[in-house]
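Beneath this line is the structure, given in structure tokens, with notes to follow.
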Amino acid sequence: MSLKKEVDYFTGQLLEKAIKDFKGTEQSRLLKEKLDRMDIDCGTMFTSDQREFAEECFDLPLDFSGAQEEYVYRQGLKDCVFLLKEFGVLA
């Protein structure tokens, strides 16, 4: 496995752990409740076609947000290493 693949795997594991940890927070629980309520409301207020359209409208922004989250997380790790090097903590 190449170094880049190893780093990608490692940062992916760190991101997954961070997401898992977030899911254990009160903030996550409250947001999940809101999402569940919205899902129920969409199921009762929309026709099947309208619901399908609404889901499609949310899928792209969620995919975008997830990709952005991963990018920012990886950049944060790179920035942290840069700062530690600048402060002389890492060689």
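The values are calculated or read from the model by the stated rules, or taken from the named source; none is laboratory data. Not measured: the values here are computed from a predicted model. Cβ atoms come from the backbone with ideal geometry, glycine included; neighbour counts cover every protein chain shown.
Being under 14 Å from the mean Cα position of the chain (by Cα), part of a helix (DSSP H, G or I) and among the β-branched types (Val, Ile, Thr) narrows it down to one of THR11, THR44, so name that one.
On the way: THR44 fails: under 14 Å from the mean Cα position of the chain (by Cα).
That would be THR11, the only listed residue that is under 14 Å from the mean Cα position of the chain (by Cα), part of a helix (DSSP H, G or I) and among the β-branched types (Val, Ile, Thr).
If you check GLY76, GLY24, GLY88, which single one turns out to be surrounded by 10 or more Cβ atoms within 10 Å (Cβ to Cβ) and not β-branched (Val, Ile, Thr)?
Working: GLY24 fails: surrounded by 10 or more Cβ atoms within 10 Å (Cβ to Cβ); GLY88 fails: surrounded by 10 or more Cβ atoms within 10 Å (Cβ to Cβ).
Exactly one of GLY76, GLY24, GLY88 is surrounded by 10 or more Cβ atoms within 10 Å (Cβ to Cβ) and not β-branched (Val, Ile, Thr), namely GLY76.
Exactly one of these conditions fails for LYS34: (1) over 27 Å from LYS4 (Cβ atoms); (2) at pLDDT below 95. Give me its number.
Tallying (1) over 27 Å from LYS4 (Cβ atoms); (2) at pLDDT below 95, LYS34 fails exactly one: (2).
Considering each of GLY66, GLY88 in turn, give the residue that is in a helix (DSSP H, G or I) and without any contact (Cβ under 8 Å) to a residue 60 or more places away in the chain.
GLY66
Filter the stretch 48-91 down to the residues that are under 18 Å from LYS17 (Cα atoms) and among the aromatic types (Phe, Trp, Tyr) and list them by number.
TYR71, TYR73
Suppose the filter is modelled with pLDDT under 95 and touching a Cys at 6+ places or on another chain (Cβ under 9 Å); does ALA91 pass it?
Working: modelled with pLDDT under 95: yes; touching a Cys at 6+ places or on another chain (Cβ under 9 Å): no.
No; evaluated as a whole, the condition is false for this residue.
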